[in-house]
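Here is the structure we will look at, set down as structure tokens.
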Amino acid sequence: MKIAVVGAWHVHTMEYATAIQKNPNAELCCLWDDNEERGKATAEKLGVPFQPDLQAIWDDPTIEGISVTTATNQHTEVLIAAAKAKKNIFTEKVLALTNEDAEEIAQAVRESGVKFTISYPHKTWPTLKAAKALVDSGKLGKITYARVHNYHDGSVRPQADGSLGWLPPHFYDAAQTGGGAMMDLGAHPMYTLNWFMGEPKTVTSQFTNVTPRAVEDNAVSVFEFANGAIGVSETGFVTSGINYVMEACGTKGSVMIHNDMVEYCCEETDNKVVQLTDLPEKSTMPIDAWIDACRGEGEAPNGIDDAVALTRLMVGAYESYRTQQKYLFPAEK
């Protein structure tokens with residue numbers, strides 16, 4: 001299966017492209033980027049041709065799929081064009097910057113029948129899979145509270161040249177990204193809460209700037225669900241140390257993930273906190289599962305409905321911060 005990389009903008013471009021090259025059932029055939037200098041440099045690192053003409057990718061019948069790592073504000077145009085060209089799509093999060101664009105992309109994907117996957121790698125983790133199984137088993141009772149804390153130091157880690165932060169400057173360009181920490185790293189807590197708890201009723205956000213960037217680098221969004229449960233998405237680019245914590249608390253017990261450990265308590269543990277050591281296997285990474293699905297083996301994970309759901313959460317979170325008011329999610333069509 002021949003796959004083209006569309007966009008060298010994202011920090012995960014090389015990760016996905018390398019995964020394609022390592023997959024025995026895929027061939028990375030070329031790379032396009034709207035910035036010729038960046039595109040050529042990335043293509044050279046990968047040892048593949050730089051394709052300056054995006055239309056040439058759409059017109060090439062031998063290219064069966066694309067890996068999209070453009071700026072987020074380019075997603076709508078690129079993904080719709082890819083769907084119309086019958087190219088299977090693997091894309092970095094988030095899907096789009098507005099609900100309207102997300103729905104337009106979804107319509108194009110559904111009408112085309114192409115295989116679509118958005119990158120939600122945390123759903124492959126044995127720890128999160130174990131926590132989800134506990135929640136779904138009912139052993140913790142009705143879930144009343146869940147929190148996902150996901151940070152890194154991308155804006156504050158000292159660099160060799162004396163600057164602070166390892167994220168590229170364009171990650172702070174609101175026009176390209178649509179937002180800062182919540183839009184990028186915060187996508188993981190967002191889709192995890194959606195996976196565990198479903199669609200929320202309202203959201204309230206507080207975003208701040210620890211460093212003098214143009215977008216937020218420290219952010220929290222609090223979701224309310226119809227059953228009274230609360231979900232919290234915590235993220236930022238300015239924290240070191242314990243970068244990930246997830247907890248889900250219910251009427252009969254709780255589960256927590258930290259330091260790659262799963263601890264829980266419920267009636268079967270006599271309400272004592274114990275470590276869960278029998279973890280499931282790590283799932284196939286989304287890009288490899290997508291390649292399998294394109295070849296007719298299994299289902300493409302994290303489909304277009306999951307992608308639209310994440311955009312809905314992000315739109316609500318940012319609208320709440322913009323207005324400094326609670327955002328009420330509109331009823332699904």
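Take the residues in segment 299-322 that are of a type outside the set (Gly, Ala, Ser) and not in a helix (DSSP H, G or I), then tell me which one is least open to solvent (accessible area, probe 1.4 Å).
The qualifying residue least open to solvent (accessible area, probe 1.4 Å) is Asn302.
Inside segment 180-298, counting only strands (runs of 3 or more DSSP E) that do not spill past its ends, which hold 3 or more residues that are open to solvent by 40 Å² or more (accessible area, probe 1.4 Å) and without any contact (Cβ under 8 Å) to a residue 40 or more places away in the chain?
Qualifying strands (runs of 3 or more DSSP E): 218-224.
Hey, could you check segment 20-41 for residues that are of a type in the set (A, V, I, L, M, F, W, C) and touching a residue at least 60 places away in the same chain (Cβ under 8 Å) and say which is farthest from Ala71 (Cα to Cα)?
Ala26
Could you list all residues from segment 286-333 that are under 19 Å from Glu64 (Cβ atoms) and among the hydrophobic types (A, V, I, L, M, F, W, C)?
Once the filter is applied, which keeps residues that are under 19 Å from Glu64 (Cβ atoms) and among the hydrophobic types (A, V, I, L, M, F, W, C), segment 286-333 yields Ile287, Ala289, Trp290, Ile291, Ala293, Cys294, Ala300, Ile304.
Quick one: which of Gly180, Gly236 is under 20 Å from Thr323 (Cβ atoms) and under 16 Å from the mean Cα position of the chain (by Cα)?
Unique residue meeting the criteria: Gly180.
Being among the hydrophobic types (A, V, I, L, M, F, W, C) and under 21 Å from Met197 (Cα atoms) is the filter here; which residues of segment 241-278 pass it?
The answer is Val245, Met246, Ala248, Cys249, Val255, Met256, Ile257, Val262, Cys265, Cys266.
Return the residues of segment 107-155 that are open to solvent by 40 Å² or more (accessible area, probe 1.4 Å) and either β-branched (Val, Ile, Thr) or in contact (Cβ under 8 Å) with a residue 40 or more places away in the chain (or both); say none if nothing qualifies.
Arg110, Lys115, Lys123, Trp125, Lys129, Ala133, Lys139, Lys142, Thr144, Tyr145, Arg147 - these are the residues of segment 107-155 that are open to solvent by 40 Å² or more (accessible area, probe 1.4 Å) and either β-branched (Val, Ile, Thr) or in contact (Cβ under 8 Å) with a residue 40 or more places away in the chain (or both).
All but one of (1) in a helix (DSSP H, G or I); (2) open to solvent by 30 Å² or more (accessible area, probe 1.4 Å) hold for Gln325, so report the exception by its number.
Here Gln325 meets the rest and fails (1).
If you go through segment 64-73 one residue at a time, how many are open to solvent by 50 Å² or more (accessible area, probe 1.4 Å) and polar (S, T, N, Q)?
Residues meeting the conditions: 1.
Test of understanding: among Asp136, Asp153, which residue is among the acidic types (Asp, Glu), assigned to a helix (DSSP H, G or I) and at pLDDT 95 or above?
Asp136
Return the residues of segment 42-63 that are surrounded by fewer than 16 Cβ atoms within 10 Å (Cβ to Cβ) and either touching a residue at least 60 places away in the same chain (Cβ under 8 Å) or within 10 Å of Cys29 (Cα to Cα) (or both); say none if nothing qualifies.
The answer is Gly47, Pro49, Thr62.
Return the pairs, sorted by first residue and then second, in which the second residue is open to solvent by less than 50 Å² (accessible area, probe 1.4 Å) and of a type in the set (Phe, Trp, Tyr), the first residue lies in segment 308-333 and is free of Cβ contacts under 8 Å to residues at least 60 places away in the same chain, the beta carbons are less than 8 Å apart, and the residues are 6+ apart or on different chains.
Close Cβ pairs (under 8 Å, with a partner that is open to solvent by less than 50 Å² (accessible area, probe 1.4 Å) and of a type in the set (Phe, Trp, Tyr)) amount to Glu319/Tyr327.
The values are calculated or read from the model by the stated rules, or taken from the named source; none is laboratory data. What you are looking at is a predicted structure, and each value in this text was computed from that prediction instead of being measured. Using ideal geometry, Cβ is built from the backbone for each residue, glycine included, and neighbour counts are taken over all protein chains shown. Surface accessibility is based on the protein's heavy atoms, side chains included, excluding ligands, DNA and RNA. Shrake-Rupley method; radii C 1.70, N 1.55, O 1.52, S 1.80 Å.
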